[in-house]
Each structure stands twice: as C-alpha cells, then as structure tokens.
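*Asks:* Before I ask anything, here is the structure I am working with.
The values are calculated or read from the model by the stated rules, or taken from the named source; none is laboratory data. Treat the numbers as computed from the prediction; the structure is a model and nothing was measured. Backbone-built Cβ (ideal geometry, glycine too); neighbour counts: all protein chains shown.
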Ligand code: IMP
C-alpha cells in the first residue's frame with residue numbers, strides 16, 4: 001500500500017506530528033501538501049522535543065525524502081531557521097526538497113494578515129497564510145521558481161509591492177515596504193535554499209513508481225478546511241485528503257489509505273463555534289492534563305468532550321480508512337466520559353454536521369455517557385492490556401464514526417503508541 005494520507009479529523013492539533021513521526025519510520029518519502037508555518041508539530045524523540053512548522057516530521061529519520069509540496073505557502077526565512085535549527089541539533093537536512101511551484105509568503109502578507117485579523121477576528125496565527133493564498137488564487141502571488149529568475153521577477157515584484165503599499169498606506173494607515181530591500185533579502189534567502197528546490201511532484205511520482213512508501217502529512221484539520229470546515233473560521237487551504245493530490249501533484253488513484261487522527265476529546269484554537277466546548281472546571285482539567293497550548297502561538301486551546309458528529313463527517317469528507325486516536329491517557333482520571341452523538345437544533349435532532357456556522361452555534365450536543373477507567377494507561381503497549389472501559393470507549397468511537405482504529409497514542413513519546421494494524 002504505497003501511498004497513505006494522514007489528516008486531522010477535528011480542528012487541528014490532534015497530535016498528527018507524533019503519528020506522522022511514527023509512520024515515517026516505515027515510509028521512504030514524507031510530503032507536506034498544504035498550509036504553511038501556521039502549523040506546529042511537536043515530536044518527542046529520545047527525551048528531546050522538536051517543534052516543526054514547515055518541514056515534515058520525517059526529517060527526524062535519516063534517509064527519508066522529505067518534501068514541502070506545491071500546495072504549501074513557504075515563508076523562506078522560517079524554513080531557513082528551521083533547517084539551521086535542525087542542523088545545530090545534528091539532524092541531517094540534505095534529503096529535504098521544496099517545490100519550485102510552492103507560493104512564497106512575503107513580509108507584506110504577514111502584515112496584512114495581522115491588520116485584517118483585528119477586524120475579521122478569525123484568530124489567525126498571523127503567519128500571512130490567508131493573504132498568500134488569496135494572492136495565489138488572484139494570480140498576483142510569487143512562486144519559488146519566480147525568484148530563481150531575478151530579471152523577470154524584479155519588475156513584477158516592484159509593481160506588486162507598490163500595489164500592496166497603496167493598500168497599507170491609504171486604506172490601513174500603516175507604513176509600506178521598501179521593494180528593493182525586500183528583494184535583496186529574498187534573493188539572499190533563495191540563494192541559501194537553492195539546493196533544496198526541485199520539481200517535487202516528479203520526485204514523489206518516481207517514488208510511487210518505484211513502489212516506495214509515501215506518506216502525505218496533512219496540517220491543520222478537516223474542520224479548518226476552506227471548503228469543508230467551519231467557514232469563515234477556517235484556514236485558507238485544503239487540509240482534507242483531496243488536498244494531498246492537488247498540493248503534491250499526484251493523482252487520486254495513487255492513494256491507498258487515509259488515516260484520520262482524532263484526539264480522544266476535542267480542542268480548537270481561534271474563534272468560531274464549538275458545540276461540545278466546556279467552559280468549566282472539566283474543560284480546564286482537560287487543558288491542564290493535555291497541555292493544550294498552541295505549538296505555534298502558545299494560545300490556550302479551547303477544550304471539550306469528543307464529538308462523534310464531527311468524526312462521522314471527517315470520515316465521509318476524507319474517505320477515512322483508519323483512525324489514530326491520540327491522547328487517550330489524558331482521560332485517565334475521569335469517572336465518567338461523555339461523547340456527543342448528535343446535535344439538537346431548534347428542537348430537532350441533527351446527525352449531519354451543519355454547513356452554516358450560525359446553525360452550528362445554535363446546536364446543543366446530545367451526549368451519551370461512558371464509564372472512565374481511573375488508572376494510568378501511559379505505559380501500556382498492547383491494545384488488549386488497556387482497561388476494558390478504555391477499549392469500550394474506542395469501540396464506541398469506531399461504531400459512531402464507522403471507521404476502525406489502527407493506532408492509539410497513550411503519551412507523547414514514540415514508545416507510547418499502541419499499534420493494532422500497520423499501515424505500511
Ligand atoms: P491561519 O491558518 O493562520 O489563517 O488561521 C486560521 C484559523 O486556523 C485560526 O482559527 C487558527 O487558529 C487556525 N489554525 C491554523 N493553523 C492551525 C493549526 O496548526 N492547528 C490548529 N489551528 C490552526
């Protein structure tokens with residue numbers, strides 16, 4: 001089964017970094033296909049913690065081809081910092097490849113993101129993601145390959161900076177940018193990155209043709225998808241499984257399995273409706289026990305019970321074949337656990353995830369209760385050794401989502417992963 005896509009089944013932060021890192025062991029190639037430095041993956045390896053934003057977690061394994069695909073928006077300064085940070089810690093980055101077709105996040109994108117979020121109040125990461133994708137779709141953005149041809153780049157770039165300066169100065173009353181200075185910085189950055197730049201779609205295709213195992217690593221999550229998420233409280237890319245094809249340049253027929261990573265409860269950062277949110281001591285306890293603070297921004301995450309309406313939706317939208325359930329150990333000390341099985345909206349039961357956020361805002365969760373297990377499960381390595389209550393909780397998730405689990409994470413370390421079914 002050479003191509004596996006890994007996606008977040010909720011609002012991101014499901015612990016995808018750890019599962020990717022685990023699967024990367026058996027993969028020959030790991031590909032990021034969307035998003036940018038808004039993502040934050042934490043991987044714990046031999047008592048060391050690695051925080052990755054743009055580079056696939058596969059980089060921590062020697063000899064894997066690690067790809068930043070065409071669907072990613074790349075902040076050149078950030079990717080250089082990440083490469084140098086890894087190198088300082090003895091990690092070999094020579095197998096990293098960045099798509100020449102990937103879009104570049106410019107300093108003005110970050111500035112515009114910051115200014116616009118003051119009024120739009122999406123609660124973005126201020127990494128310039130939305131404005132960069134907007135420019136890409138408006139066909140006024142810059143791709144990495146454009147920067148490799150300085151002469152043709154210069155004219156178009158000067159015009160675009162002038163246009164952005166008009167917006168910043170006249171509309172927002174903020175200072176503009178010096179195009180020449182910015183260009184010099186970009187040229188210096190592209191000089192450093194040159195050796196990593198490639199036609200990555202071609203490389204990934206060749207890996208697949210050679211029968212190699214390729215893992216497509218989604219960032220963010222299903223409900224942050226620009227089309228299928230809780231619009232407008234979403235990111236500007238396609239974190240769902242279909243995004244893997246567009247964002248890496250492979251066809252849908254290549255994909256064999258899609259694994260959805262779901263936290264054993266629910267969290268979200270930023271604004272927007274969240275039916276099972278707990279704004280009480282139980283929510284606080286989940287945040288504390290789960291260390292629920294953003295990797296990229298440090299913001300406290302909103303926490304709540306598991307929502308099976310969301311998981312069913314994620315299963316359908318992504319065509320999930322497997323589930324990886326993460327952070328099950330965070331629920332160790334709860335006497336009773338709740339799972340939302342449907343919503344009640346204006347007196348009616350709703351089983352499908354609503355399209356409109358105002359409807360979602362009015363949805364009240366219908367819960368079932370399950371007994372907790374009241375014991376430490378963080379050292380358990382075999383599924384059959386989990387307390388029966390924990391097994392029942394997972395079986396209920398499978399029943400409600402219609403997807404079997406393949407992996408269960410009971411702690412942040414690689415060793416704290418129970419594997420019931422191997423994906424590669
Ligand atoms: P942006 O991606 O920075 O434009 O932010 C848009 C929305 O997506 C905000 O609600 C962010 O908090 C959320 N978001 C972006 N990246 C992540 C992530 O990696 N995990 C969780 N939420 C994210």
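*Asks:* Check the range 304-324 and report whether any residue there is assigned by TED's automatic domain parsing to the domain that holds residue 13, out of contact with any strand residue (DSSP E or B) (no Cβ under 9 Å at 6 or more places or on another chain), free of Cβ contacts under 8 Å to residues at least 40 places away in the same chain and surrounded by fewer than 20 Cβ atoms within 10 Å (Cβ to Cβ).
*Replies:* Of all residues in the range 304-324, those assigned by TED's automatic domain parsing to the domain that holds residue 13 come to none.
No, every residue in the range 304-324 fails to be assigned by TED's automatic domain parsing to the domain that holds residue 13, out of contact with any strand residue (DSSP E or B) (no Cβ under 9 Å at 6 or more places or on another chain), free of Cβ contacts under 8 Å to residues at least 40 places away in the same chain and surrounded by fewer than 20 Cβ atoms within 10 Å (Cβ to Cβ).
*Asks:* Collect the residues in the range 275-298 that are under 22 Å from residue 230 (Cα atoms), buried (at least 19 other Cβ atoms within 10 Å of the Cβ) and more than 18 Å from the chain's Cα centre (by Cα), keeping them in residue-number order.
*Replies:* Once the filter is applied, which keeps residues that are under 22 Å from residue 230 (Cα atoms), buried (at least 19 other Cβ atoms within 10 Å of the Cβ) and more than 18 Å from the chain's Cα centre (by Cα), the range 275-298 yields 275, 276, 278, 283.
*Asks:* Another one. Please go through the range 43-57 and give me each residue that is under 20 Å from residue 100 (Cα atoms) and crowded, with 24+ Cβ neighbours inside 10 Å, ordered by number. Give the derivation first.
*Replies:* Within the range 43-57, the first condition is being under 20 Å from residue 100 (Cα atoms), and the residues that meet it are 53-56.
54, 55, 56 - these are the residues of the range 43-57 that are under 20 Å from residue 100 (Cα atoms) and crowded, with 24+ Cβ neighbours inside 10 Å.
*Asks:* Quickly run through the range 204-223 and pick out the residues that are surrounded by 24 or more Cβ atoms within 10 Å (Cβ to Cβ) and farther than 15 Å from residue 56 by Cβ. Steps first, answer last, please.
*Replies:* Of the residues in the range 204-223, the ones surrounded by 24 or more Cβ atoms within 10 Å (Cβ to Cβ) are 204, 214-223.
Within the range 204-223, 221, 222, 223 meet the criteria.
*Asks:* I've got another one for you. Let me spell it out: the conditions are (1) more than 16 Å from the ligand (Cβ to nearest atom); (2) within 26 Å of residue 50 (Cα to Cα), and residue 105 meets all of them except one. Which number is the exception?
*Replies:* Condition (1) is where residue 105 drops out.
*Asks:* Taking only pairs six or more apart or across chains, which ones have beta-carbon atoms under 8 Å, a first residue in the range 274-302 that is outside the structural domain of residue 339 (by TED's automatic domain parsing), and a second residue that is more than 16 Å from the ligand (Cβ to nearest atom)?
*Replies:* none
*Asks:* Given the conditions (1) touching a residue at least 40 places away in the same chain (Cβ under 8 Å); (2) part of a helix (DSSP H, G or I); (3) closer than 23 Å to residue 243 by Cα, report the number of the one that residue 97 does not fulfil.
*Replies:* Failing condition for residue 97: (2).
*Asks:* Restricting to the range 122-156, name every residue that is under 30 Å from the mean Cα position of the chain (by Cα) and away from the ligand (no atom under 16 Å from the Cβ). First the steps, then the outcome.
*Replies:* Step one: filter the range 122-156 for residues under 30 Å from the mean Cα position of the chain (by Cα), giving 122-148.
Matches in the range 122-156: 138, 139, 140, 142, 143, 144, 145, 146, 147, 148.
*Asks:* Contact list please: Cβ distance under 9 Å, first residue in the range 155-169 and assigned by TED's automatic domain parsing to the domain that holds residue 108 and in contact (Cβ under 8 Å) with a residue 60 or more places away in the chain, second residue surrounded by 19 or more Cβ atoms within 10 Å (Cβ to Cβ) and part of a helix (DSSP H, G or I), pairs at least six apart or on different chains.
*Replies:* As it stands, the answer is 168/108; 168/111; 168/112, since those pairs meet every condition given.
*Asks:* Separate question: Of all residues in the range 20-42, count the ones that are surrounded by fewer than 23 Cβ atoms within 10 Å (Cβ to Cβ) and more than 14 Å from the ligand (Cβ to nearest atom). Walk me through it before giving the result.
*Replies:* Step one: filter the range 20-42 for residues surrounded by fewer than 23 Cβ atoms within 10 Å (Cβ to Cβ), giving 22, 25-26, 28, 40, 42.
Going one step further and asking which of them are more than 14 Å from the ligand (Cβ to nearest atom), we end up with 22, 25-26, 28.
Of the residues in the range 20-42, 4 are surrounded by fewer than 23 Cβ atoms within 10 Å (Cβ to Cβ) and more than 14 Å from the ligand (Cβ to nearest atom).
*Asks:* Do the conditions hold for residue 226, that is, is it away from the ligand (no atom under 16 Å from the Cβ), surrounded by fewer than 21 Cβ atoms within 10 Å (Cβ to Cβ) and within 26 Å of residue 73 (Cβ to Cβ)? Before you say what the answer is, go through the steps one by one.
*Replies:* Working: away from the ligand (no atom under 16 Å from the Cβ): no; surrounded by fewer than 21 Cβ atoms within 10 Å (Cβ to Cβ): yes; within 26 Å of residue 73 (Cβ to Cβ): yes.
So residue 226 fails the test.
*Asks:* Output the number of residues of the range 229-264 satisfying the condition of being assigned to a loop (DSSP other than H, G, I, E, B) and either buried (at least 24 other Cβ atoms within 10 Å of the Cβ) or on the phi < 0 side of the Ramachandran plot (or both). Break it down into steps so the answer makes sense when it comes.
*Replies:* Of all residues in the range 229-264, those assigned to a loop (DSSP other than H, G, I, E, B) come to 229-241, 247-251, 255-256, 264.
With either buried (at least 24 other Cβ atoms within 10 Å of the Cβ) or on the phi < 0 side of the Ramachandran plot (or both) added as a condition, the list becomes 229-241, 247-248, 250-251, 255-256, 264.
The number of residues fulfilling the criteria is 20.
*Asks:* A follow-up question, please. Can you find a residue in the range 340-356 that is within 14 Å of the ligand (Cβ to nearest atom), farther than 21 Å from residue 7 by Cβ and outside the structural domain of residue 52 (by TED's automatic domain parsing)?
*Replies:* Just the residues of the range 340-356 that are within 14 Å of the ligand (Cβ to nearest atom), to begin with: none.
No, because not a single residue in the range 340-356 is within 14 Å of the ligand (Cβ to nearest atom), farther than 21 Å from residue 7 by Cβ and outside the structural domain of residue 52 (by TED's automatic domain parsing).
*Asks:* Inside the range 245-273, can you point out the residues that are more than 21 Å from residue 17 (Cα to Cα) and either within 16 Å of the ligand (Cβ to nearest atom) or under 17 Å from the mean Cα position of the chain (by Cα) (or both)?
*Replies:* Filtering the range 245-273 down to residues more than 21 Å from residue 17 (Cα to Cα) leaves 246, 249-254, 271-273.
Passing the criteria: 246, 271, 272, 273.
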